[in-house]
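We did not get these values from a lab; they are worked out from the coordinates using the rules stated. Small disclaimer: the values here were computed from a predicted structure and weren't measured. Quick reminder, even Gly has a Cβ in these numbers, built from the backbone with ideal geometry, and neighbours come from all protein chains shown.
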Amino acid sequence: MPGVSPQRVLENRNSLATKPALDPDVDRKSKRLREGRIDTVGNVALRTAPNTTTIVTHPACSSTSVVLMMAKDANAAAENWFITPGNGAFTITHSASASARTFRFVVFTPAVA
């Protein structure tokens with residue numbers, strides 16, 4: 001590089017290689033995300049009759065979240081449900097049934113709505 005001393009090039013290269021230390025919690029979560037793991041997953045058992053709603057509190061949930069559920073048993077697989085996300089929780093509207101119905105869920109919240 002004409003006009004730039006070799007010492008200056010070495011200083012620039014070293015400054016690019018030095019990264020500020022990340023918060024250990026941020027670093028751990030970033031590593032887990034790169035591995036395909038997320039911590040917004042949980043289980044829920046729907047309330048039985050006469051209830052037709054189940055509220056699940058989750059800190060990652062907001063009104064712009066996408067909540068996906070997977071049935072964990074035959075009764076849950078036969079269930080029809082509707083999810084309404086809100087700030088800090090989501091509501092599952094379902095039929096009134098005496099049967100136990102268990103689901104696994106994941107909450108995805110966009111960084112920008």
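Out of every Cα-Cα pair that region 21-113 contains, those further apart than 18 angstrom amount to 51 percent.
Between residue 73 and residue 96, what length comes free when the chain is fully extended (0.36 nm per residue of separation minus the Cα-Cα distance, one decimal in nm)? Working shown, then result.
Numbers: separation 23, 0.36 × 23 = 8.28 nm, distance 1.68 nm.
Gain on extension, residue 73 to residue 96, equals 6.6 nm.
Between residue 97 and 49, the built amide H atoms are under 5 Å apart, and every one of these is 5 or more places off in sequence or on another chain.
With a sphere of radius 10 Å drawn around the Cβ of residue 97, what net charge do the other residues whose Cβ falls strictly inside it have (Lys, Arg +1; Asp, Glu -1)?
Details: positive: 47, 101; negative: 79.
Every neighbour counted, the sum reads +1.
Cβ-Cβ distance of residue 81 and residue 23, R₀ of 30 Å, FRET efficiency by 1/(1 + (r/R0)^6): the value works out to about 0.20.
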